[in-house]
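Asks: Structure incoming, see below.
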Amino acid sequence: MLRERIGLNCRRAHCPPGCEWAIRATLPHEILPAGMQRLADFIPLTYVVKLMQGLWAGESWSSLRLDVVVLTVVLIAGAAVAARVFRWQ
C-alpha cells in the first residue's frame with residue numbers, strides 16, 4: 001500500500017488529531033511517476049518544498065538558486081497581476 005511505502009503513519013508522526021489530511025495530501029517528489037514529476041515542476045509549491053528541505057538539510061543558498069529564482073518570479077508575477085486586477089470599491 002502507498003501509505004506504508006512512503007511511511008505515512010499519523011500516530012508515528014505524533015501529529016494532533018485532524019492533521020492527518022495534511023500529511024496524506026502531499027507525496028514525496030521522488031516516488032511520483034516520471035510524468036507526474038514533470039507536472040509537479042510547474043507547481044510553485046514544489047519549489048517551496050525543495051527550498052525548505054534543502055535549507056533544513058544544510059545546503060547552501062547557491063545550490064538552491066533555481067528554487068529561489070522560480071519563487072521570486074512567481075511572487076513578482078502574482079504581485080503584478082494583483083496590482084492590475086484588484087481594485088477597492
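The values are calculated or read from the model by the stated rules, or taken from the named source; none is laboratory data. For clarity, every value in this text was computed on a predicted model and none was experimentally measured. In this analysis, Cβ positions are derived from the backbone assuming ideal geometry, glycine residues included, and neighbour counts consider all displayed protein chains.
Asks: Taking the options L66, L51, name whichever one is out of contact with any Cys (no Cβ under 7 Å at 6 or more places or on another chain) and loosely packed, with under 13 Cβ neighbours inside 10 Å.
Replies: Working: L51 fails: loosely packed, with under 13 Cβ neighbours inside 10 Å.
The unique qualifying residue is L66.
Asks: Considering each residue of the stretch 37-48, count those that are in a helix (DSSP H, G or I) and either charged (D, E, K, R) or loosely packed, with under 12 Cβ neighbours inside 10 Å (or both), and give that number.
Replies: Within the stretch 37-48, residues that are in a helix (DSSP H, G or I) and either charged (D, E, K, R) or loosely packed, with under 12 Cβ neighbours inside 10 Å (or both) number 2.
Asks: So if I check each of A22, A77, which one is surrounded by fewer than 13 Cβ atoms within 10 Å (Cβ to Cβ), of a type outside the set (S, T, N, Q), at pLDDT 85 or above and in a helix (DSSP H, G or I)?
Replies: A77
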